[in-house]
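The structure appears below as structure tokens.
Taken together, the values in this text are just the output of simple stated rules run on the coordinates, not laboratory data. Everything numeric in this text was worked out from a predicted model, so none of it was measured. Here Cβ is always computed from backbone atoms with ideal geometry, including for glycine, and neighbour counts include all displayed protein chains.
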DNA sequence: CTGAAAGCGCTAACAT
DNA sequence: ATGTTAGCGCTTTCAG
């Protein structure tokens, strides 16, 4: 049977006390385990609590203690492929500390964000996690909040703040080095919009690795959308340019998959003639692409976890300002295998 | 500047009162707007509150009122493509009511689920939303909770409970009718695992529509994984069977995309020779497939919204038991266009 | 129109 | 070992 229309009144410590024949404070001691209570009395109280299905009112406890064991999370950009894993990692880490999480969706609107920060403060959260999708710095949320704040993924531009993000620059360098190590020298670069930070970082990393060896890209960078369709177009463009290429570095798995498809349709052998790399390690793309795609996992779950841990630390008075970068993982698959 | 190590003490109504030279209760009246306060006094109080950056302590207010304007959400299965849109819809609807949401991830573990329900009750949430990914009934969460519960997507097996889910059976019928309306008669059916409720419902709907016209599937149903790879395999299986087919009904967009790819590689013209349909309207799949895929949108966002609305209603004493099914939308695209 | 006082449910000194 | 009391910050009678 489900709950009936009129909910039963919530049972309080005083109900338990009455039933066990003791005072309220004895109930509190018995249940919290923090006072000296005779064994037999404790048993009686536990039984009464059980029979009444008593759940202590944490509001009252928090009002007294000043702690709610709750943190606020504001998704500052839209929810998406990047932010959901971060959120999940944070949830997991917080659950281990028995901390609950109040979630708001800021939708990339800073007015709304402010509004939600106020709502969180009124709810007396012990800390705030700002989770943003953009792999770029964002404005600090406000001067002097009464609780610690940690930024996840999109880090704060103020280095007094604490942020945790993914070291995607290193990931992109790993990709480039992997290509060099497997003998490729003539790289093309295909990414999303030119103005996106992700495009910029990945290009810069790729070029810096090549520069160490004294050469550059074999074809000028191609910019478009973060889509498979653009990947297909770009690959065709490369093919028609007749520039000699032995690897295509893509800004995302989606783009890479489009590139793979177009190459396949033009009977270019991957990885023999051309290697292809992605970025994200997005299971759906990576498993379905032919051949399976070498890519970089941004460890987003871990970014979420570590951001949450950092916040908990700060809540315990051990704040660590600065931007922490979580390592990415190169995932080599067949699309770059040695010929 | 960010928050410094030692956070400033939180400012309370009594600070505001002191600064405005009035009593605490006058502050309360002025700020809540619920008491009679002289205009000039109110101004003074508002100004003081502003200067001190006062945020009222909702814990205290809730302790008094018995309302927290907070609901708990438990994702009972893993987060996934299905549950995230539901969650987003719920967040959106709750935000409109100025209700916050405490989120837990039950991970399909009912012990954990119970644990989180208790945690929510201790936090005095006004209601609980159980969001499950499985398109099938689930056990009612517990006898007689002190707050209303609404189930989203995975509905409760107890019809005293309130649930909101997607009418995917109707969606699957729409697909079948659409194929008949565009002249197809020889349908194949490719889905995920045989034991999954989604497979079962979609097959049953398809067959019932065909039965109305007095015929059945042209090929026995094919079951596999919810993956593109399986879609490709299944399509090859169909081609090798040499059974005459003019449409492939797929249990998901991913499968459909695999089917499309395999057909394309075998130079079967879609939609001229064979029509293909998916299920989900998952942008990434649908946009990248060639030709664009006819599919069904399960209105998951709307399921989340309506579940949240239903919960708010129940919290206001107007519970409506039963399972409510949100309409799906047929999205016709080129993969079923008339020849 | 304003303030003093009681109380929401809990915890922790302090007293017994 | 147990009970009494004060108080967390707010809202709301009830007096003035």
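Tabulated values for the structure
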| item | result |
| --- | --- |
| Segment residue B:243-residue B:213, length gained on full extension (0.36 nm per residue, minus Cα span) | 8.8 nm |
| Other copies of residue A:109: label-to-label distances in nm, shortest first, labels 7 Å along the beta-carbon direction | 3.8 |
| Antiparallel %, DSSP beta bridges [both residues in region B:112-180], to 5 | 0 percent |
| Cα centroid separation, region B:18-42 to region A:87-116 (Å) | 33 Å |
| Distance between region B:153-232 and region B:266-304 - C-alpha centres, whole angstrom | 14 Å |
| Cα gyration tensor shape for chain A, rounded if a/c is under 1.5, else prolate or oblate | prolate |
| Among B:86-93, A:60-67, the order from most to least packed when residues are scored by Cβ within 10 Å on average | B:86-93, A:60-67 |
| Other protein chain Cβ atoms within 10 Å, averaged over every residue that makes up A:53-66 | 5 |
| Using a 7 Å Cα-to-Cβ projection, residue A:216 label spacings across copies, nm, ascending | 6.8 |
| Extension reserve of the residue B:204-residue B:323 stretch, reckoned as 0.36 nm per residue once the Cα distance is removed | 40.9 nm |
| Neighbouring partner chain Cβ atoms per residue of A:100-108, average, 10 Å criterion | 5 |
| With Cα atoms, 0 to 90° folded angle of helix B:168-181 axis to chain B main axis | 40 degrees |
| Rounded FRET efficiency, nearest 0.05, which uses the C-beta distance separating residue A:65 from residue A:39 and R0 of 25 Å | 0.40 |
| Global form of region B:168-298, assessed from the alpha-carbon gyration tensor, a/c cut-off 1.5 | rounded |
| Per-residue Cβ neighbour rank within 10 angstrom, fewest leading, A:29, A:310, B:186 | B:186, A:29, A:310 |
| Estimated FRET transfer efficiency when R0 is 25 angstrom, pair residue A:159-residue A:110 (beta carbons, to 0.05) | 0.80 |
| Nearest 10 degrees, 0 to 90: helix A:39-52 Cα axis against chain A principal axis | 70 degrees |
| Helix B:83-96 axis, angle to chain B major axis (alpha carbon atoms, nearest 10°) | 40 degrees |
| Calculated FRET efficiency for the pair residue A:273/residue A:194, C-beta based, R₀ 25 Å, to 0.05 | 0.35 |
| Fewest-first sequence of B:328, A:250 by Cβ atoms within 10 Å of each Cβ | B:328, A:250 |
| Share antiparallel - DSSP beta bridges, chain A, percent rounded to 5 | 10 percent |
| Computed helical MRE - 222 nm, chain A, DSSP H runs ≥ 4 contributing -39500 (n - 2.57), nearest 500 | -13500 deg cm²/dmol |
| Exposure proxy order (Cβ contacts within 10 Å, fewest to most) of A:226, A:155 | A:226, A:155 |
| Peptide A:116-124, shielding by other chains (average Cβ, 10 Å cutoff) | 5 |
| Spin-label model distance (nm) - residue A:185 vs residue A:265, 7 Å beyond Cα toward Cβ | 3.2 nm |
